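The values are calculated or read from the model by the stated rules, or taken from the named source; none is laboratory data. None of these values were measured; they are calculated from a predicted model. Glycine gets a Cβ as well: all are built from the backbone with ideal geometry, and neighbour counts include every protein chain shown.
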Amino acid sequence: MSMEIKPGYKMTEVGVIPDEWDLVTAGQIGRFRGGNGFPLKFQGEVTGTYPFFKVSDMNNEGNETRMFVANNYISDITRKTLGATIFAENSIVFAKVGAAIFLERKRILAQPSCLDNNMTAFELDDKKADYRYVHHRLIHTRLSDLVSTTALPSLSGNVLSQIKFPLPMLEEQRAIASALSDVDVLLTEIDRLIAKKRDIQQAAMQQLLTGQRRLPGFSGGWGV
C-alpha cells in the first residue's frame, strides 16, 4: 500500500519533503578535507596562533558543540613547517579513522584551526548552506554506516560527499537552526535543574537516614 503524500510535498530518497526543498549531496554544498600529521616534538604548547585539535579534544569540557579548548597550539611558523591546513571557523569536524568514528561526535570549529590526520572537516559554502542547520542534519546521520570495510575503520571523502541532505532556502535553514538551538538551550537548562534537584534529594536522604534531620512529630534515640 503506497503512502499518501500531502499536497505541497514530494517523495525523495530521504523521505517526504516540501516541494520547495531541494535534495542535494554534501559535495554540492561543501567539501571534506582531512587534517595533517602532528609530530610529537611539536605537541605540548599551550599557547599559539592556532589550536591544533586531535580526536581526544572532542572530550574536553566546553567542546560539547563548538570546539573552543585544545590541548595543543602552534604558531604560524610551526604551521608552515608542518604544512598544516587552516580550517575555517564554523567548519564541522569529526573523526575519520579508528574506533572514534563509532562515537558519532560532530563538532563545530569556534575559530580557524588545524586538525590532526585522524580528523576531517566539512567546509561549507555559506552561500548555499547554514552550518548550524547542516550540523543538526549530521548529528542525525550515522557516519559509522559509511565506514569502509578494512582492518582500520575509516571514512573516505568520496563517500562522505555522497551524503544526501534535504535543503530548504538559506533563510529557512537559518530559522530552523535558530529554533533547534533554542530547544538545545532549554534542554540544557532543564538538565541543570534536574541535577540541582537530584543534589537536594541526595542531601535530604543523607540527613534523614542518619538522623541529622528529624521529621515533625518524631524524637528520641535510635536503636541499632
Any residue at all in region 84-92 that's modelled with pLDDT of 95 or more, surrounded by 15 or more Cβ atoms within 10 Å (Cβ to Cβ), in a helix (DSSP H, G or I) and among the hydroxyl-bearing types (S, T, Y)? no
Return the pairs, sorted by first residue and then second, in which the second residue is part of a helix (DSSP H, G or I), the first residue lies in region 40-68 and is closer than 25 Å to S154 by Cα, the beta carbons are less than 7 Å apart, and the residues are 6+ apart or on different chains. V55/A100; N63/D57; M67/D57
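Select from region 88-108 the residues that are farther than 19 Å from I163 by Cβ and touching an Asp or Glu at 6+ places or on another chain (Cβ under 8 Å) and list them in ascending order.
Selection gives A88 alone.
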Which one is surrounded by the most Cβ atoms within 10 Å (Cβ to Cβ) among residues in region 144-199 that are of a type in the set (V, I, T) and not assigned by TED's automatic domain parsing to the domain that holds G98? I176
Just to check your reading of the model, which residue among E172, E189 is of a type in the set (D, E) and at pLDDT 85 or above? E172
